[in-house]
Amino acid sequence: MTGPRPRPELHSIAVHAASRSGGAPTAELTHLLAANENPYDPLPGVLDAAIEAAGRFNRYPDIGCERLIAALARRFDLPPTRFAAGAGSVSVIQSLIQAMAAPGDEVMYAWRSFEAYPVITKAICGATPVAVPLTDEGYHDLDAMAERVTARTRLIFLCTPNNPTGKAVGRDELTEFVARVPEDVLVVLDEAYAEFVSDKDAADGTAVCREYPNVAVVRTFSKAFGLAGLRIGYAIAPEPVAAALRTMATYGVSQIGQEAAIASLAATDDVMKRVDLVIAERHRMEDALIEQGWPVSRSQANFLWLPLRERSAEFAGACARAGIGVRVLGEDGVRVTVGARESNDLFLATAANFPLEHGR
Ligand SMILES: *Cc1c(COP(=O)(O)O)cnc(C)c1O
């Protein structure tokens with residue numbers, strides 16, 4: 001074959017993109033429990049702010065996201081110089097890896113975890129992934145991770161709560177871990193689901209990043225705040241890292257997204273009322289599934305993890321026939337989002353009819 005050829009590593013990404021089934025309902029799937037989206041329609045005040053901003057979309061957005069960063073800085077009582085925003089936290093994660101890791105450098109994360117880590121590390125950035133297995137219960141194995149640090153390690157991602165297993169890193173184990181990691185290695189807490197955490201002993205990255213000069217936090221407006229379609233996430237990072245991220249900014253975050261995020265922060269009380277409803281639904285689904293005999297354990301996020309192994313695809317097929325989209329992750333398991341009550345009820349009824357070999 002002649003002509004321009006993209007790097008062969010990029011072939012692996014198509015698989016990732018095609019297996020996604022969030023977004024708009026289709027003729028077959030009307031209950032979207034595959035992408036951990038917020039099931040509720042936009043809050044009225046947030047929608048108004050976005051519509052108002054849409055009237056000016058002939059203009060470029062504020063490349064520095066200054067008003068949003070000022071609002072975040074006030075919210076967390078940290079200087080604005082510690083923040084950087086991007087087009088979704090996936091984009092912030094990509095910028096972090098590009099900023100910190102050259103080809104040959106190592107980027108560590110647990111596995112199974114967020115599927116974007118290997119794609120961005122290897123295919124997009126050409127760095128070397130170091131994937132450390134989770135414990136059997138789906139927790140980060142922080143001892144094993146600390147032991148895998150080498151002179152080439154530049155970044156360590158800790159996804160907490162972990163997507164897809166729903167388990168959070170504990171506060172004490174995190175501080176012990178950070179104390180063991182060399183101070184030139186950046187530990188990044190990916191806290192996409194932080195607002196859904198109800199365990200009081202779970203680590204809070206926004207606290208830890210004040211004490212340690214090599215800890216960053218990545219958060220998003222996509223999940224609890226319900227702005228997935230507007231693409232907006234941010235990092236709280238050590239100042240030199242945050243500054244590097246800001247210099248890498250394109251015009252990635254639309255003004256519509258920025259205004260919606262600012263309005264969402266102002267409406268945090270209403271956002272958290274909805275989060276409480278999701279947490280209540282999570283408990284209801286966990287109780288029902290345990291009662292049905294499923295191998296499910298408690299989650300700290302807005303999704304549940306069913307480690308169904310080789311029966312994962314079969315169960316997802318049963319869900320699809322009922323009009324429910326869930327996420328199959330290889331032959332490890334199925335992740336199901338805690339959605340609106342009606343979708344959750346249909347999911348529970350579908351699960352009840354699925355023949356399980358063990359249990360029940
Ligand atoms: C959903 C998710 C994100 C957020 O992605 P956005 O780009 O902000 O929409 C980040 N990390 C994890 C682990 C996620 O599951």
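The values are calculated or read from the model by the stated rules, or taken from the named source; none is laboratory data. Everything numeric here is computed off the predicted structure, so don't read it as measured data. Every residue, glycine among them, receives a Cβ derived from its backbone with ideal geometry; neighbour counts consider all protein chains shown.
A few comments on the model shown:
- Scanning region 80-117 for residues that are over 23 Å from residue 225 (Cβ atoms), touching a residue at least 40 places away in the same chain (Cβ under 8 Å) and either within 11 Å of the ligand (Cβ to nearest atom) or outside any loop (DSSP other than H, G, I, E, B) (or both) gives 81, 97, 98, 99, 100, 106, 107, 108, 109, 110.
- Residue 21 meets the stated requirement of being surrounded by 16 or more Cβ atoms within 10 Å (Cβ to Cβ), within 16 Å of the ligand (Cβ to nearest atom) and modelled with pLDDT under 95.
- Residues satisfying the stated conditions in region 118-143, i.e. among the small types (Gly, Ala, Ser), touching a residue at least 60 places away in the same chain (Cβ under 8 Å) and out of contact with any Asp or Glu (no Cβ under 8 Å at 6 or more places or on another chain): 138
- Unmet criterion (only one of (1) assigned to a strand (DSSP E or B); (2) near the ligand (Cβ under 8 Å from one of its atoms); (3) in contact with a Cys (Cβ under 9 Å, 6 or more places away or on another chain)) for residue 192: (1)
- Residue among 193, 251, 234 that is touching a strand residue (DSSP E or B) at 6+ places or on another chain (Cβ under 6 Å), assigned by TED's automatic domain parsing to the domain that holds residue 55 and in contact (Cβ under 8 Å) with a residue 60 or more places away in the chain: 234
- Number of the exception - residue 80 against (1) touching a Phe, Trp or Tyr at 6+ places or on another chain (Cβ under 8 Å); (2) more than 30 Å from residue 328 (Cβ to Cβ): (1)
- Any hit, region 164-173, residues being crowded, with 23+ Cβ neighbours inside 10 Å, of a type outside the set (S, T, N, Q), at positive phi and under 15 Å from the mean Cα position of the chain (by Cα): yes
- Positions within region 206-240 being buried (at least 20 other Cβ atoms within 10 Å of the Cβ) and outside any loop (DSSP other than H, G, I, E, B), in sequence order: 209, 215, 216, 217, 218, 219, 220, 230, 233, 234, 235, 236
- Here residue 178 does not fit the description of being closer than 15 Å to residue 100 by Cα, modelled with pLDDT of 95 or more and touching a helix residue (DSSP H, G or I) at 6+ places or on another chain (Cβ under 9 Å).
- If the condition is being among the acidic types (Asp, Glu) and surrounded by 13 or more Cβ atoms within 10 Å (Cβ to Cβ), then region 177-196 contributes 190, 191, 195.
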